[in-house]
Amino acid sequence: MKKSINTFLKHPIKDNANRSANPPVTRASTILFNTMQEMISHEKKIKLHKNVTHYSYGRYGSTTTIELENIIKKLEQAYHVFLTGTGFGGISLALMSLCRPGDEIIVSDNVYGPTKEITEDLLKQFNIVAKFYDPEKLEDLQKKITKKTKMIFVENPGSNTFEFQDLTKIVKIAKKKKILTMLDNTWGTPLYLKPLKIGFDISFSSATKYFSGHSDAMGGTLAVNKKVYKKIMFFYKLSGYRMSADEAYLIIRGLRTLDVRLKQHYENAKKVINYLKKNKKIKEILFPHKPSSKNYKLWKKYYSGATSLFSIVIKSKKKSSVIKFVNSLKLFGIGYSWGGFESLAILQDLKKKTEYIKGRHFYRFGKDEHIVRLHIGLEEPKDLIADLNKALKLVK
Ligand SMILES: *Cc1c(COP(=O)(O)O)cnc(C)c1O
């Protein structure tokens, strides 16, 4: 029987030994074999990328992490899935596995802050040059390609400003020049977009966000095709990157309700946006909600759904009053991350270049325009709207 992916997420595990509906949490360093011969033939199987139920040593994972790998493999339709202890570990795993001295990497200017830092600052120390392109201009990306370009790194939609790009066009350009492509798909999740299916070599998601969904676990998933598998496996085994069995268990538990939660997150976000778009203090809502907009069209072209993270652009000559607005929200926490059950708000300064924040090279917002990122949680939307309505009065 061909099951829908939503059904699969409810029935992913068969734990025959323990007769539990959920997988056991296998905490392990040493894995035991009956004989030396069994150990050696198992190592061979792993090397040949055969399906296995356990690895040969705890550093590579346990039965619990293999369960999660198999779920993500199916969700992403991937050749292999690497799990890391945090989302960012997945990004660093991909870059450190594939980029070598003399290479260049082209990165979308609107990537997650630490992605900018690792490409611009850390890779530089290894003689790898990062070039940032304007996510609104495909020509800018094209212009930056040279013979040395190893990889194009895209995040879609971009962090904080949520621009959508024409993904298959990027893949086409890259394939012609034999350049690898990687997509940070944390916002859409593989439930709504499968990057490998549209031609990307690597699909990344921070499992900390919607996968786990409860703000209590961290992890990263790196789904890859056969072309890049060997190189990433080589570095994965030597890097010591690994997800613990406990985190894998929590992420499996989160995934059971991913479809249901995302639907509700989106419903709630739509209601909040319907309220926000009537407020004169808000100049723009950075979410694909206007059918006439370029971002909406590009979202529709690639995604089968939307989630609940977006930004609002508030126009105010008094930044302090925007800070007051964020501070006075009662139902929105102030904090990093997102994708959990709860609503969050944060004022993002993207222009500033400091030791800690990499500013944008391409920034289209004005001096008196402030970007507040909102994550709409699973609270009753009416309550969230009442909270926002009260707090927005403080914006001067
Ligand atoms: C959070 C996030 C990451 C990093 O994930 P962590 O689990 O926090 O390390 C990477 N990319 C995007 C788009 C994110 O939002």
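The values are calculated or read from the model by the stated rules, or taken from the named source; none is laboratory data. Because the structure is a prediction, the values reported are computed rather than measured. Glycine also receives a Cβ, built like all others from the backbone with ideal geometry; neighbour counts cover every protein chain displayed. These area figures cover heavy atoms from the full protein model, side chains too; ligands, DNA and RNA do not enter into them. Shrake-Rupley method; radii C 1.70, N 1.55, O 1.52, S 1.80 Å.
With the convex hull constructed from alpha-carbon coordinates only, the range 184-280 shows a mean projected area of 8.3 nm² over all directions.
A convex hull fitted around the alpha carbon atoms of the chain yields 152 Å³ per residue. Across S62, S292, S29, mean-square fluctuation computed from a Gaussian network of the chain (C-alpha pairs under 10 Å connected) peaks at S292. Of the complete DSSP H runs in the chain, those spanning 15 angstrom or more by Cα along the long axis with a mean Kyte-Doolittle score not below 0.5 are 87-98. When the accessible area of the chain is split by element with a 1.4 Å probe, what percent falls to carbon and sulfur? C and S atoms contribute 55 percent here. The candidates F132, F33, arranged from most to least accessible area with a 1.4 Å probe in the full protein assembly, appear as F33, F132.
A simple packing score, the average count of other Cβ atoms within 10 Å per residue, orders the peptides 194-205, 12-23 as 194-205, 12-23, with the highest score first. Only protein heavy atoms count here; under a 1.4 Å probe, E247 has an accessible surface of about 50 Å².
Judged by the mean number of other Cβ atoms found within 10 Å, the most tightly packed of the peptides 262-271, 318-327, 361-370 leads the ranking 262-271, 318-327, 361-370. For the range 164-286, relative contact order (Cα pairs under 8 Å, six or more residues apart, normalised by length) works out to 18 percent. Ranked from largest to smallest solvent-accessible area, with a 1.4 Å probe on the protein heavy atoms, K150, K176 come out as K176, K150. Taking the DSSP beta bridges in the chain as the whole, what percent of them are antiparallel, to the nearest 5? Counting DSSP beta bridges with both partners in the chain, the antiparallel share is about 60 percent.
Rolling a 1.4 Å probe across the protein heavy atoms gives the chain an accessible surface of 48 Å² per residue.
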